[in-house]
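The values are calculated or read from the model by the stated rules, or taken from the named source; none is laboratory data. These numbers come from a predicted model, not from an experiment. Neighbour counts are summed over all protein chains in view; Cβ atoms, including those assigned to glycine, are modelled from backbone coordinates with ideal geometry.
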Amino acid sequence: PNEYTVSMAKLEEISAQQFMVISMTIIFWFITIISMLITGILINSILSTSTEERIREYGILRVVGGKKMFPVKMVIFEGIFIGIIGSLLGVILGLIGTPPIVNALFVVTDFPIQDMEYVIQPQTVILAFSIGSIVSFVISLFPALKTARLDIIKSITPFHKKEEGWEIKKEGSMNVRNFLIGSSLATIGMLVFILLPSIFVSGELMMIAGLFIGLIAAILIGMVFASIGIIPIIQSLLIGAISPFIKKYAPIIKISLKRNRRRNTSTIVMFAISFSFIFFITSVTEMESKNLATNLRFQYGSDLVLINQGLDPESNAVTYDLFQELTSINGIEQATLSLYNMFDITSVLSVLFDF
């Protein structure tokens with residue numbers, strides 16, 4: 001019988017690129033989620049600080065006849081204004097600065113593809129601007145609603161130090177809630193991560209990608225909050241260790257830390273999530289590099305492989321003389337002759353075990 005093969009070049013190319021597209025989608029969505037978290041924490045910290053500093057002003061506005069929703073509208077307007085200006089600047093800087101910066105990095109790192117042409121789709125710009133604006137609006141609601149619950153008497157009179165002292169003592173203890181929430185998220189993420197291979201069997205690539213993003217985000221965010229929950233204890237231990245050397249200033253440092261603990265926590269969360277994301281990206285890159293090296297070593301068995309092409313031993317065969325010449329070259333630690341390569345062995349095993 002006649003032997004022939006059927007090749008679908010376009011389908012094979014699309015299949016080969018699908019995994020790369022999904023990987024890039026995972027990375028981009030993960031970057032988006034982390035950026036949203038950092039943006040939300042930063043905006044909330046700014047608006048909360050601004051609201052606390054102007055509580056007396058809000059109380060005076062209420063006394064002179066301002067409605068209850070007037071301070072709320074002011075805070076929401078500030079949040080939306082920050083979001084719109086930040087989103088516009090981010091989109092403009094991204095459109096202008098991304099092509100030259102990325103192309104310069106390609107040149108510096110000797111990337112095979114250089115002078116890449118970028119396609120900017122309108123829906124991408126609209127999505128980026130919408131996410132920035134919506135996140136800013138949602139986050140601004142929290143400090144805005146806090147202003148709506150202001151007690152007019154307490155906001156315009158300075159004689160409420162006793163309550164502030166109780167808050168200082170309360171915030172100075174371990175943040176059990178953040179610690180438990182963070183530990184729960186991290187535990188759930190790790191447990192579900194064990195089930196990930198079973199989900200891979202389903203073959204739904206987008207579901208796998210979404211699950212992967214959620215799991216990694218849960219683990220990172222959970223670890224961050226779990227670490228932040230024990231920060232008061234760490235601070236107490238550090239202050240106790242250095243107090244003998246700064247006896248005059250130790251009480252001032254303790255009071256300052258307790259009074260500004262909530263603001264410090266927001267800053268710590270922002271930086272912790274940022275650095276955890278950086279560590280995650282570097283870890284994934286290193287893991288992919290080692291995985292590629294291991295895969296190549298498994299397939300080929302060595303860093304350098306010479307394979308016969310054709311049946312003419314005089315023109316292109318790997319002879320014993322060539323083998324001896326290779327072993328004499330400095331830098332080659334070991335060389336081996338083999339009648340088969342790992343691709344042939346893999347093909348044989350796939351036939352035997354019906355892979």
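Mind counting the residues in the stretch 16-55 that are within 28 Å of residue 85 (Cα to Cα), more than 24 Å from the chain's Cα centre (by Cα) and surrounded by fewer than 16 Cβ atoms within 10 Å (Cβ to Cβ)?
4
Residues checked against (1) part of a helix (DSSP H, G or I); (2) under 24 Å from the mean Cα position of the chain (by Cα):
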| residue | (1), (2) |
| --- | --- |
| 60 | yes, no |
| 71 | yes, no |
| 86 | yes, yes |
| 106 | yes, yes |
| 116 | no, no |
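Just checking, which of 66, 97 is in the same structural domain as residue 132 (by TED's automatic domain parsing), outside any helix (DSSP H, G or I) and surrounded by fewer than 17 Cβ atoms within 10 Å (Cβ to Cβ)?
Answer to the check: 66.
Given (1) at pLDDT 70 or above; (2) surrounded by 14 or more Cβ atoms within 10 Å (Cβ to Cβ); (3) of a type in the set (Ser, Thr, Tyr), identify the lone condition not met by residue 249.
All conditions are met except number (2).
Tell me yes or no: at least one residue of the stretch 75-85 is farther than 28 Å from residue 52 by Cα and surrounded by 10 or more Cβ atoms within 10 Å (Cβ to Cβ).
no
For the stretch 300-333, give me each residue that is surrounded by 10 or more Cβ atoms within 10 Å (Cβ to Cβ), in a loop (DSSP other than H, G, I, E, B) and at pLDDT 75 or above.
332
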